[in-house]
Amino acid sequence: MGPRMEQPVASTRRLRWARRAAPWVITAGVVAALLVQYPLDRIAAEVARGDTLAMVPVAAGVILIQWFAIVAGDLLVLRPIVGPIGYVAMLRNKAGVAVTNALGIAASYGGYAVWIQRRFRCPTGAAIGAVMFISLTDLCAVATIASVAMWVGEDVPGVGRWSLGVIAPAIAAVALGLMLWPVRGGRRPVLDPWRRLTVRARLAGLVLRAANILLIIVATWIAARAFGMPIPLGAMLSYLPVLLVVGAMPINVAGFGPVQAAWVAMFAPWAPGEQVLAFQFLWHALMLAALVVRGAPFLRGVVADVAGRPPGEAPLATPPTS
């Protein structure tokens, strides 16, 4: 009986370690392949040639401005689930959570769900459902922007337009359908956003998240032009939404991995690979630095929430009765 039980346990451990190692292996392989094709000294030369200082105010500005839109969008989802939340308080919380996610203290959307559950002591399923709805809205906004840009813009190569121009609208339509999916009754907390949010609130959240993504796209385009990379706005509108999705996938580690290969592939018609990689590295670093500076004053409170405050210090979730 003992040896038979040890085999499944060992298999489970190997699978767990394989899942943990996979992103690192993929990232190492992709980065190594890129550095073979685009040697580090040539990338460094592009870093020195570009105007990095001109990118700094762009990164600082977009991180500051999008803070307000993204918090408004999150509150539309969270208030019906956990009850009243002050806008200013949520600004502080969101800034701190963004730092924990970016530095790997928590795992992106998963870390946000942990914070929601522990901060408001709501059901775990409700926190997961809120984050699922937020991520679904982000996906819908990204796919919608890419769809419009693919079909309207004239700066996108024909192959990219016709292939992504079919996929992106399909994703947008499916995501929108799931967002507007009507749920009546039931007791599963994970479906709370679909039960409690009105159609008007869902669409308002979509508009806010689309505005946030458009802001990031335009800022990236301005920064690229300031750096000296002549990518047309139409191409940035078409391809950056796809790159945002690739960059959010767990196959990347600390912002490195397949996302760099995707940047080179999509912007190759307008800039050499070394310049694309130099810009992407600097832009990622500047955005991360601005995000950390914005959230550092609020990080202590968020870490305390995730670590577990004494019960009297964290508000209970008081969702509206339905």
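Per residue, region 119-239 exposes an accessible area of 46 Å² to a 1.4 Å probe, with every protein chain left in place.
The HN-Hα couplings worked out from phi for region 288-293 by the Karplus form 6.51 cos²θ - 1.76 cosθ + 1.60 (θ = phi - 60°) are 5, 4, 5, 5, 5, 4 Hz, whole numbers, x standing for Gly and Pro.
Taking the accessible area of region 129-256, probe 1.4 Å, and keeping the other protein chains in place, the carbon and sulfur fraction comes to 73%. Per-residue Karplus couplings for region 265-274, computed as 6.51 cos²θ - 1.76 cosθ + 1.60 with θ equal to phi - 60°, are listed in order as 5, 7, 10, 4, x, 10, 7, x, x, 4 Hz, Gly and Pro entered as x.
The values are calculated or read from the model by the stated rules, or taken from the named source; none is laboratory data. Quick caveat: nothing in here was measured; it's all calculated off a predicted structure. Side chains included, ligands, DNA and RNA excluded: accessible areas come from the protein's heavy atoms. Shrake-Rupley method; radii C 1.70, N 1.55, O 1.52, S 1.80 Å.
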